[in-house]
C-alpha cells in the first residue's frame, strides 16, 4: 500500500493500543516510518541535481567567409578548456533555421582539450551561402549551451577570369617578366622591372602604365600592353681592359709586375729598368721591341714580359780547371760548359758570397746536375772573398 494512503489516526491508535502492540514495538514502527519518509525525500531532491556542470568559456568568431574553403574560424579567448568528446558545435542558417550543421572539435587541429589561445576551423560546406548564421557551443553531458553567437558571413565571389599582359621593349635592355605576352588571374598584381644594357639607360614605361620608375607594380583587371623604353647614353662609359706585366731576370717595370686595368683606348707608358749588373733585353708578348720605354694603346686585354739578362762585359771567362784563392769581388762566366752527362763540379769555402746565375751557392760543393739552368748556355758566377784563403774552384772529373 502506498505511504500516502496510510491513515495516520489509525496508526496512532494502533501505537496506543495496549492489547495488540507493546511500547517497544511502537518505537520500532515509528523509526521505520521516519526512515521511509527520509528515503522518499532524498530521491525527490537528488534526482533534480545534475551529476556534471558545464564549463565557463568565452569563444569568438574570427573568419567567416563563403570562399573556396567555405569555413569558419573560432578562437578560445579565456575560461575553462573544452574537451573533444564533451563538446558539440552547431551552425544554423538564420534565414532557414531548419538548415543546421552539427559537428565536433576537429581531431587534427588540437590535442584532447581546446584551451585559451587556440583556434579551430570548422568546414561549413553543408550550409548554403547566407549572410547571417548562429553558432552554438554545447556541453553534451548536460545539454548546456556554453555560448551562442550570431555572425555575419563575408560573401566572396570567385571567377576564373584571366587577362593578358603584353610587354614590348624599345632600345637595348631586358624586362622581368620578359618581353612577350603573359597571362594572369583577374586582379593579380604583377611586379615589373626594367634593366638597361651597358651604355644604355631606362627612360620610362609607356602604354597602360606610365612611370619613370624602373620597378613598378601593375594590377591585372583587364588586358594590358606596356612598353619599356631605353635610350643610348650620350657619353657612354668606355670598356675596360687588363694589362698583365711579367718579368724574367732581375729588373723592375713601371707599371709594376702584375695586372692593371685601363679604360678602352687609354695609352699606357711602359718602362723597364734592369738591376745592377743586369741589362734589359726586350719586351715580348703582345708587343715586341728592344726599347726600354714604350707606349701601348689598351684596345684589348694585353700581356707583356720584360726580359733582363746579365751584362756579359763585366764577367771574365773562365774554363775548367779553375781555382781562385784570396780576398776581393769577382765576376766570372763559364761559357758553354759540357753537357750534363759530363761530370764536373763547382766548390767554394771560406767565401762571403758565391752566386751562380743569381742563386746562392756560398761555401757549397755542387755537381753540375745540382746547378741552375744556364742563361743563354752560360753560368755566371759572382764571388766575394773576405779572407786571404777564401777559395772557389770549378773542375772536370
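Read-outs: derived from the displayed coordinates by stated rules, not from any lab. On a predicted model such as this, the values are computed, not experimentally measured, just so you know. We place every Cβ from the backbone using ideal geometry, glycine too, and count neighbours over all the protein chains shown.
In terms of the Cα gyration tensor, with a ≥ b ≥ c the square roots of its eigenvalues, is segment 240-310 rounded because a/c is under 1.5, prolate because a/b exceeds b/c, or oblate? Don't skip to the end; give the middle numbers.
Details: a/c = 2.37, a/b = 2.09, b/c = 1.13.
It is prolate, given that a/c is not under 1.5 and a/b is the larger ratio.
Please figure out what share of the DSSP beta bridges in segment 265-325 is antiparallel and state it in percent, rounded to the nearest 5. Intermediate values should be presented prior to the final figure.
Values: 14 of 14 bridges.
About 100 percent, rounded to the nearest 5.
If packing is taken as the mean number of other Cβ atoms within 10 Å per residue, what is the order of 205-213, 377-385, highest first? Numbers along the way, then the final one.
Details: 205-213: 14.2, 377-385: 19.4.
Put in order of decreasing packing, that is 377-385, 205-213.
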Review point. What order do you get for 52-62, 218-228 when each peptide is scored by the mean count of other beta carbon atoms within 10 Å, highest first?
Key: 218-228, 52-62
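How do the peptides 142-153, 241-252 rank, highest first, by the average count of neighbouring beta carbon atoms within 10 Å per residue? It would help to have the intermediate numbers written out before the result.
Working: 142-153: 14.7, 241-252: 16.5.
In descending order of packing, they fall as 241-252, 142-153.
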Practice item. Using only the alpha carbons of segment 179-315, determine the length spanned along each of the three principal axes and report them from longest to shortest in whole angstroms. Key: 90, 27, 19
Check your understanding: Over all directions, what mean area does the Cα convex hull of segment 273-397 project, stated in square nanometres?
Key -> 9.2
